[in-house]
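The values are calculated or read from the model by the stated rules, or taken from the named source; none is laboratory data. Everything quoted here is computed from the prediction, not taken from an experiment. No Cβ is skipped: glycine too gets one built from the backbone with ideal geometry, and neighbour counts run over all protein chains shown. For accessibility, only protein heavy atoms count, side chains too; no ligands or nucleic acids. Shrake-Rupley method; radii C 1.70, N 1.55, O 1.52, S 1.80 Å.
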Amino acid sequence: MKKIYLYTLTTALIWGAAGCKKPSDFGDTNVNPAATTTPIISALLTNAEVGVAGYASNFTEAISGGQYAQYFTETQYSGTSLYSTPQNSFTGTYSGILYDLQNIINLNQSKNTSVAASILQQYLFWVITDDWGDVPYSEALKGLDAITPVYDKQQDIYKGILTNLTSAVAAFDGSSSLAGDVIYGGDVAKWKKAANSLRMLVAVQMSKRFPGASDYAATQFKAALAAGGITSNADNFQVKFPGGSYKSNWYSLYDGRKDYAEAQTLTDIMKGFNDTRTNAYGGDSEAAGSTGSSSNGNPYGLERSKAIAFTDANNDWARVLRGDLRAADGIVYVITSAETWLARAEAANLGWTGESVRSTYKSGIDQSYEQWGVGAPAAGYYTQAGVVVTDAPQPGLTSANTKAIAIQRWITSYPDGHQGWNVWRKSGYPELTPAPDAVNTSKQIVRRFTYASTEYGSNTDNVNAAVARLTGGDSQDSRVWWDVQ
C-alpha cells in the first residue's frame, strides 16, 4: 500500500537534496512521443473489473475463506485448511486495483465511470475489512498526504461503505459514458441494483451488533431494499470472461495444477437435503469443459499423506465446480440475485421488514438453482427438516428459521469463499467441525487474517493501535467487530 507513495517521496527527496535542476529542465530529451502519459480510464475500469472477480474466486481472500468455511480442502499441500498462520498482506490490493480505481476517480473524465469505480472500491474494502478487521480506509489512497494511513475501526469502515454506496447510486447521471464496463456494458440501472444489493449484504452482516428493527443496520437495509436491488439472474454482478488471454479465475484453478477439492462437509450437507446443485458444484475431472459431476467430496483438513491417499484411491474426487462451469470463457459471480433474496429472507426473519420470510427464502433458492442450470427444486425440498421455515419471524440465534436461512446462504454463496466464511462466522451455521489435523495452537477454525510483518515495519504506530483494539491481539483466533459471540 505504501510502495507507490514511498517511491514518489524518495524521488522528490533525491532531486531536492542534490540541488540539481528538476527533470523538466531537460526539455523533451527523454520524452517518448509514442508513450501514453494520461491513463485511459476505460482500460483501467476493464482491468479493475477483471481483478474484482479474483476476490470472489481464487485469490487469497476468497480461496482461504472458502477453506475456513469448508467449501474447499487441499489435496496435497496442506496448510491453509490446517489453519497454519494466515499472515497475509493487503498491500497489493491497495497499490494495485484500489489505486487504479482511485486514478479513475481523481481524473474525473466521466462521472458514471467514476461512480462505478467507487462502487468497486467499496466492494473491495468490504472484503479487506472482513478478512483483517481494522484496516486503512479514510486515509487510504491519498498518496503523499497520508503515507502512513490510520487503521479505521471496522464499524466506521462499514458505515463509510454504506454512505459511499448510497452516494454513488444517487450520483449516476443519464448522459456520461461508462466505457470499458465488461460487467454491465454501461447499464447504469443495473449498476444501481448491484450497489443496492451490496448495501443489503453489508447491512445484514452487522445484524448481531445492530439487531433491532429501528437500529442502524435495519435502517440501512430498508433504504437499500426500497431503492431496488438485484432480483433476477439477468442482473447478477458477474464477470464473463472471453477466454484466450483473459481466462476465468475458476479455469485457472486447475490450469496445470489440482491443489483444491470440494470438501466433504459441503457434499454431505447437500446430499442430506437431496440438493441437486451438487451436480454443478463438483466435477469428476479437472479438465475444463468436462460435464461429469461428482459429489465425492474430499475429507476436510487432512495432513498431506492422508489427503494424497484419498485422491489416489478416488479418481472421481470432487473438483471445485463441474468442468463446463469453469471453462476459460466462464463466469465468476460476485453478487447474485440468490444471495440478495436470501439476505432479504434473513432481514424479514429478524423483523426488519414486512416481507414474507418464506417467499423471499424460496425466491433465493429458486434463483440459485436457476443460476447453476440444474432445474427447479423438487416439490418436497422446502418442506424437509433443516430446510423448512415458518413465515413468522424467528430472530433468535438458535431458532430453526435462523439456522435454515444461514445454511442456505452458505450453500448458495458457493464457491465464493469470502461470502461463505462471512455467513459462518456471523451465524455459526452450518455447525462446522475443525480440521482433524489442525496445526494451530487452539485447533479452532481461523476467524481472521493476521497483519503482515511488513505493516509492523512501515506503518508501526497505526498497526499497533489496531492490534490494541483486538480482544486477543493480532491472532487468527481474535474476532472482527461484527463477529460477536
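Some notes on this structure:
- Amide H to amide H distances under 5 Å link residue 90 with 452, where only residues 5 or more positions off or on other chains count and H is placed in the peptide plane.
- The aspartates and glutamates whose alpha-carbon is closer than 19 Å to the alpha-carbon of residue 247, local same-chain residues fewer than 8 away aside, are 49, 181, 255, 259, 286, 324, 329, 416.
- Heavy-atom surface analysis with a 1.4 Å probe gives the chain a carbon and sulfur content of 51 percent of its accessible area.
- Summarising the amide proton neighbourhood of residue 134: residues at separation of 5 or more, or on other chains, whose placed amide H is nearer than 5 Å comprise 154.
- Additional length obtainable on full extension of the chain from residue 398 to residue 308, 0.36 nm per residue less Cα span: 28.6 nm
- Cα centroid separation - the stretch 312-358 against the stretch 82-107, whole Å: 25 Å
- Prolate is the label for the stretch 370-485, because the ratio a/c of its alpha-carbon gyration tensor axes (a ≥ b ≥ c) is 1.5 or higher and a/b is greater than b/c.
- Take the Cβ atoms of residue 106 and residue 485, set R0 to 30 Å, and the FRET efficiency comes out at 0.10.
- Heavy-atom accessible area per residue - the chain, 1.4 Å, Å²: 39 Å²
- Peptide ranges 159-168, 251-260 listed from the most packed, as the mean C-beta count within 10 angstrom indicates: 159-168, 251-260
- Against the chain, whose longest principal axis is taken from its Cα atoms, helix 216-227 shows a tilt of about 90°.
- Multiplying the residue separation of residue 234 and residue 460 by 0.36 nm and subtracting their alpha-carbon distance yields 76.7 nm.
- In degrees, nearest ten, helix 417-427 long axis to first principal axis of the chain (Cα): 60 degrees
- Cross-link pairs beyond the 27 Å C-alpha cut-off, checked among 258/426; 159/193; 190/271: 258/426; 190/271
- Taking every DSSP helix (H) stretch of at least 4 residues in the chain, weighting each as -39,500 (n - 2.57) and dividing the sum by the residue count yields a mean residue ellipticity at 222 nm of -13500 deg cm²/dmol.
- Gyration tensor (alpha-carbon) shape descriptor, the stretch 237-357, a/c threshold 1.5: oblate
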